[in-house]
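Below is one structure, written out as C-alpha cells; comments come after it.
The values are calculated or read from the model by the stated rules, or taken from the named source; none is laboratory data. Here the structure is a predicted model, which is why all the values come from computation and not from measurement. Cβ sites come from the backbone with ideal geometry, for glycine too, and all protein chains shown count toward neighbours. Please note that ligands, DNA and RNA were not included when accessible areas were found on the heavy atoms of the full protein model with its side chains. Shrake-Rupley method; radii C 1.70, N 1.55, O 1.52, S 1.80 Å.
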Amino acid sequence: MKIAIYTILFLLSFSIFSFGQNSIGLIGGNIFDGKKFVKKDLYIADGKITFEKPGTLEKTIKIENQFVIPPFGDAHTHNLDREFQLTYLPEQYLKEGTFYVQNLTAKTKNIDYFRKYFSTKQTPDVIFANQGISSTSGHPFMAYEPYVMGLYDASKWKDNIEKIRTSRLDEGNSYIFIDSKKAAKEKLKGFFAGKPDIVKIFLVDVGNFEKNSVDEILGNSGLPAELAEYVTKESQKRGLKVYAHIDTAEDFETGVKIGVDGFAHMPTWNGKPETKQEFQVSKKVLEKAANRNIVISPTIAITTGGTDKDSQEYKNQIEFIRQFLSKYHKLGGTILIGSDYFNRPLTVELKAFIEVDAFEELELLKIVSETTPRAIFPERKIGFLKEGYEGSVLVLKKNPLEDSENLFGITHWIKQGQILKFD
Ligand SMILES: [Zn+2]
C-alpha cells in the first residue's frame with residue numbers, strides 16, 4: 001500500500017520530463033577531456049558516448065561554444081531514503097547536475113523500495129550504507145531517535161533526556177548498536193543480510209571513548225577502536241568499502257590505523273584557538289592515509305554552518321580547512337565532495353568548496369564530476385567523456401575552468417541517453 005502511495009506522489013508532483021532518443025548529437029560544443037576543453041561534436045547512441053557520427057541522428061542539439069562535462073556526484077548524504085522527499089529532492093539533485101549520490105546511513109526498513117525507485121534514468125543513482133554502526137547511544141542516535149519519538153524541537157530534548165536514553169524506536173532502522181565482539185558477530189549478520197552497498201562506522205572522540213560512553217551526554221561517542229576495526233575487517237572481507245565518521249585528529253589517526261577506505265568528514269574544528277591541537281593531523285599520518293588511498297569528503301558547509309560568518313572563528317575554520325585539503329591533495333590524497341546537509345542536495349557544499357578555495361578550477365571540476373562519481377560507482381564507465389562511456393552529460397553555458405561559479409550554469413542535462421527537462 002505504501003509503495004502505491006509513493007508512486008502516486010511521484011506521478012503527481014515530479015516535474016522532470018525525459019525524452020529518450022536512440023541517437024543524440026551535441027554539435028559545436030567544447031568537450032572536457034579530463035584536462036582541458038576540446039572543440040568537437042559529441043554523440044550519444046544507444047545510451048553511450050561516441051565521437052563517430054551515427055548513421056541516423058534522431059535529435060540534434062546545437063550548443064555552439066558551450067561546455068560539456070560529466071555529471072556531478074555527492075559522496076555524503078542522508079537523503080533520499082524518506083517518502084516525503086520524493087516530491088522535490090530527486091529533481092533538485094538532477095537539476096543542479098548531481099546524478100550520483102552516496103547515502104552514508106539510511107533509514108533501512110524501506111530501503112529495497114528506494115533502491116528500486118532510484119534505478120531509473122529519470123532519477124539520481126543512489127547507493128546506501130543502510131544503518132549507521134555505533135555503540136549504545138552513540139552518534140547517530142540523537143540524529144534519529146528523538147525525531148521518531150516526535151521530539152522535533154531540540155530544546156525539548158533536555159527535559160526528555162531519560163526517555164530518549166532508553167528509547168529504541170529506530171534501532172535496526174537507522175542505527176545498530178554494538179558493544180562487544182559477541183554482539184558484533186550477531187548483529188553484523190543481520191546488517192550484511194540487508195545488502196548494504198557500503199558501510200558507515202562512527203568514530204567520535206575515540207580517545208575518550210571510556211569516559212564519553214558512560215557520561216550523561218547522549219551521542220558523544222561512537223565505536224571503540226577495537227570494535228571499529230572488527231566491523232571494518234568483516235565488511236572489507238565481503239567486498240564492502242567502509243567510511244568512518246570522524247571528529248578529532250585522533251579519530252582520523254585511528255581510522256587510518258584500522259584501515260578504513262574513506263572519511264565521511266575531515267577533523268571538525270570549531271575555530272576556537274584553544275582546541276585547535278585536537279584537530280591537527282600530523283603530516284606523517286596524512287601521508288599514510290594518502291598512500292593507502294583513503295578518500296576524504298570534508299563536509300565544509302555543515303562544519304562551518306553553525307559559525308558566525310563575521311567571526312574570527314569562521315576565518316580560522318576556513319583557513320584550517322584550506323590548509324588541510326591542499327596538504328592532502330599535494331600528498332596525492334583523494335578528496336571527494338559531499339554535502340551531509342539534510343534535505344538539501346550538493347550545491348551548498350560546492351559553494352563552500354569555492355569559498356575555501358583550496359583547489360584550482362580544473363581540480364574542483366575533476367573532484368565534482370570525475371573523482372566523486374567514480375568513487376561512488378567504481379565499476380561503471382562514468383566520470384569521463386570517452387568513447388563507450390555512459391551517455392550522461394551536462395552542458396554549461398560558460399567555461400568552468402575560467403570560473404568555478406560557471407558550474408551552476410547548466411543548460412542541458414542528458415542521463416544515460418535521456419534528455420531531461422525541468423518545469
Ligand atoms: Zn553524515
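Observations
- Checking the cross-link pairs Lys284/Lys327; Lys40/Lys386; Lys107/Lys421; Lys35/Lys351 against a 19 Å limit on the alpha carbon distance flags Lys107/Lys421; Lys35/Lys351 as lying beyond it.
- Report summary: the helix-based calculation at 222 nm, which adds -39500 (n - 2.57) for every DSSP H run with n ≥ 4 and divides by the residues of the chain, gives -9000 deg cm²/dmol.
- Computed over the alpha carbons of segment 45-90, Rg followed by Dmax gives 17.2, 45 Å.
- Projecting label points 7 angstrom from Cα along Cα→Cβ for Lys421 and Val148 puts them 4.4 nm apart.
- Rh by Kirkwood over Cα pairs, then Stokes-Einstein D for segment 72-376 at 1.306 mPa s and 10 °C, µm²/s: 81 µm²/s
- Compared with the dominant principal axis of the Cα atoms in the chain, helix 312-330 is inclined by about 70°.
- Antiparallel content of DSSP bridges confined to the chain, in %, to 5: 45 percent
- Protein accessible area in the chain, 1.4 Å probe - carbon and sulfur %: 51 percent
- Calculation over all alpha carbon pairs of segment 70-210 in 10 angstrom steps from 0 returns a P(r) of 11, 36, 33, 17, 3 percent.
- The loop-placed trypsin sites (Lys or Arg not before Pro) in segment 362-416, going by DSSP, include none that has at most 10 neighbouring Cβ atoms within 10 Å of its Cβ.
- Linear extension gain, Glu58 paired with Asn399, 0.36 nm per residue minus alpha-carbon span: 120.0 nm
- Degrees between helix 181-193 axis and first principal axis of the chain (Cα, 0 to 90, nearest 10): 20 degrees
- The angle separating the long axis of helix 225-237 from the principal Cα axis of greatest extent in the chain is about 40 degrees.
- Loop-located trypsin sites (Lys or Arg not before Pro) across segment 254-308 with a Cβ neighbour count of 12 or fewer within 10 Å are Arg292, with loop assigned by DSSP.
- The modelled label-to-label distance between Asn343 and Arg168, using points 7 Å beyond Cα along the C-beta direction, is 3.0 nm.
- Rolling a 1.4 Å probe across the protein heavy atoms gives the chain an accessible surface of 44 Å² per residue.
- Residues of segment 388-423 with amide N under 18 Å of a point placed 7 Å along Cα→Cβ from Asp41: 388
- Restricting the GluC sites (Glu not before Pro) of segment 193-282 to loop positions (DSSP other than H, G, I, E, B) with no more than 10 neighbouring Cβ atoms within 10 Å leaves Glu216.
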